[in-house]
Amino acid sequence: MSLSPKRFALCGLILTGLTLSQAGFAATCRVSPAHEAFNVESLKSELMVTALSCQGQDQYNAFVKQFGSIINAQESKLKSHFRSTYGGRAQKAQDDYITQLANVQSSQGLKAGTIFCLQRMSMFDEVKPLKTATELSQYADAKDILQPSSTEICQAPTSSKAKKSSKKRTTSHKAKARKK
């Protein structure tokens, strides 16, 4: 079935209108300041699961020894993130996160079967030349290490009409206040 020129133009107009109307409702997202800490924690957990599943305890211990100060600093940032996000429930929320992280990663290992150790044991050698938390975080991103939650923060989308009308309401509210 071919489109007549009129139908083709109409489809183009509709598509353009839909695209432009969606632009007014776009949510703004940014990466959490704790993203690096989450990545380092997930890398540490992935290597721990690998060590336990693949008899790599010596390699894991060497990783912890080499990156101990970075791991501790990132764990402090993570703890601070959970405190600011969850308040009095911070420790439980962080414990739940660590448990979910290990569960997600170990179930991935179970699904992969014997190939898991072949794929993951090389990670111990790959991280050795890294020096900083940023490098460890970037490595975790590149390896696509599983996380049970997102570290992206998004604001609810608002339309440009809602922004304009809220300004009008504020202006009219101020005007009413001045009249009184």
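Please treat every number below as a calculation from the coordinates, not as lab data. Quantities reported herein were computed from a predicted structural model and do not represent experimental measurements. Cβ coordinates were reconstructed from backbone atoms using ideal geometry, including for glycine residues, and neighbour counts include every protein chain displayed.
Below are the figures for this structure:
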item	result
Two-site label geometry, D95 and K111: point separation in nm, points 7 Å out along Cα→Cβ	2.8
Backbone HN-Hα couplings from phi across the stretch 134-143 [Karplus 6.51/-1.76/1.60, Hz, Gly and Pro as x]	4, 5, 5, 5, 5, 4, 4, 4, 5, 7
P(r), alpha carbons of the stretch 30-150 - 10 Å bins starting at zero, rounded %	13, 46, 33, 8, 0
Cβ-based charge dipole, the stretch 30-150, positive-most Cα from Q100, G113, F63	Q100
Rounded FRET efficiency, nearest 0.05, which uses the C-beta distance separating L118 from Q66 and R0 of 25 Å	0.60
The stretch 45-135: trypsin sites (Lys or Arg not before Pro) falling in loop per DSSP and having at most 11 other Cβ within 10 Å	K131
Assigned charges on the beta-carbon of Lys, Arg, Asp, Glu; the stretch 30-150 dipole about Cα centre (debye)	300
